Amino acid sequence: MNSASIDVLISEVGPRDGLQSIKSIMPTEEKNAWIDALYKAGVREIEVGSFVPAKLLPQMADTAEVVRHAKTLPGLTVMALVPNLRGAQAAIEAGVHKLTIPVSASAAHSLANVRKTREEMIEEVQKIAQYRKEFAPEVKVEAGIATAFGCTIQGLVPEDEVIWMAEQAINAGADESGLSDTTGYANPAQIKRLFRRLKAAIGSKAGAAHLHNTRGLGLANCLAAYEEGVTSFDSSMGGLGGCPYAPGASGNVVTEDLVFMFEAMGIKTGINLDLLFEARKPLQAGVPSEIIYGMVPEAGAPKGFMPATQWGG
């Protein structure tokens, strides 16, 4: 599958965002089997882990090993989250294709999440971008603006500050900057307004929508973002995930439900829904005590359902 054959890119963040938020630690072999199954289903961008101290997130201690395995899958963009330069150096050494840096629009969340002020995080983006330029120019850098739609710690986050943070991240050397509804506060009108402003501010460097389903608006918000021209979406198989440093922030958008919505509308994702459902098995086997969600996997695709790739053909 090449990028020209799809209309939207679904970026699976479950192996990082999903697994960091649960108590269970998935064994490395199980992670690799899950990533293999996602790849088989047609997923072509996966955030496989984060480069953070193992004592903080023991679930992510094996990320370098997982990166090495994921890199054996042809055409897969292997991503990892890095909160600082040290993490970026380790990620580049492991061979990732893309770094994602969490930059919070909420001053309170920034201190809780990465123990740095927002301004210090922009300095960190600059250091990472400079290091990338010198040692791994082929690696992409995305600064995701966390708590862009509200924060469980400080409450409202002014939209001007969200756009300012995205502009600062791009000026610091990030290739793109997307918006994250870390706490599941957003509604479709807010999504449209802020992504429109983001595009006006940074143009083609406007990045992915990373939305949560905490209050049941995840899919509606994804559709609103798509209608504003967003073509890259983060989601998590089974709806696993949430920020450990944002109280009450549960649940990413469910990958399976998101793929179904787009495919049912004739919007190509390049992902086979049946094989995606199959990929839930290695996930459940790896974290047997966790509940995994999804409306479409439970109900099944409707009779006569035709994926977007078959439309007009």
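When residues of region 275-285 are filtered for being more than 14 Å from S236 (Cβ to Cβ) and either more than 25 Å from the chain's Cα centre (by Cα) or in contact (Cβ under 8 Å) with a residue 60 or more places away in the chain (or both), how many remain?
5
Right, D160: farther than 24 Å from A107 by Cβ and more than 14 Å from the chain's Cα centre (by Cα) or not? Talk me through it step by step, then tell me what you get.
Working: farther than 24 Å from A107 by Cβ: no; more than 14 Å from the chain's Cα centre (by Cα): yes.
It is false that D160 is farther than 24 Å from A107 by Cβ and more than 14 Å from the chain's Cα centre (by Cα).
Show the residue pairs that are 6+ apart or on different chains and have beta-carbon atoms under 7 Å apart, the first residue being within region 34-58 and in contact (Cβ under 8 Å) with a residue 60 or more places away in the chain, the second being crowded, with 24+ Cβ neighbours inside 10 Å and in a loop (DSSP other than H, G, I, E, B).
Pairs found: W34/A279; A37/A279; L38/A279; A41/I271; A41/A279; G42/I271; V43/I271; E47/V13.
To keep it simple, each residue is scored yes or no on (1) buried (at least 19 other Cβ atoms within 10 Å of the Cβ); (2) among the hydrophobic types (A, V, I, L, M, F, W, C); (3) modelled with pLDDT under 95.
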| position | (1), (2), (3) |
| --- | --- |
| K205 | yes, no, no |
| L219 | yes, yes, no |
| F233 | yes, yes, no |
| T255 | yes, no, no |
| L283 | yes, yes, no |
| I292 | no, yes, yes |
| M306 | no, yes, yes |
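Which ones in region 209-238 are part of a loop (DSSP other than H, G, I, E, B) and not charged (D, E, K, R)?
If the condition is that a residue be part of a loop (DSSP other than H, G, I, E, B) and not charged (D, E, K, R), then N213, T214, G216, L217, G229, V230, T231 are the ones that fit.
For residues that are among the β-branched types (V, I, T) and at pLDDT below 95, scanning just region 112-143, find the one that is farthest from the chain's Cα centre (by Cα). Walk me through it before giving the result.
Step one: of region 112-143, the residues among the β-branched types (V, I, T) are 114, 117, 122, 125, 128, 139, 141.
Filter once more, so that each one left must be at pLDDT below 95: 114, 117.
Details: V114: 17, T117: 22 Å.
For region 112-143, the residue satisfying everything is T117.
Confirm whether A80 is of a type in the set (A, V, I, L, M, F, W, C), crowded, with 21+ Cβ neighbours inside 10 Å and outside any strand (DSSP E or B).
Values: of a type in the set (A, V, I, L, M, F, W, C): yes; crowded, with 21+ Cβ neighbours inside 10 Å: yes; outside any strand (DSSP E or B): no.
No, not satisfied.
The values are calculated or read from the model by the stated rules, or taken from the named source; none is laboratory data. Here the structure is a predicted model, which is why all the values come from computation and not from measurement. Quick reminder, even Gly has a Cβ in these numbers, built from the backbone with ideal geometry, and neighbours come from all protein chains shown.
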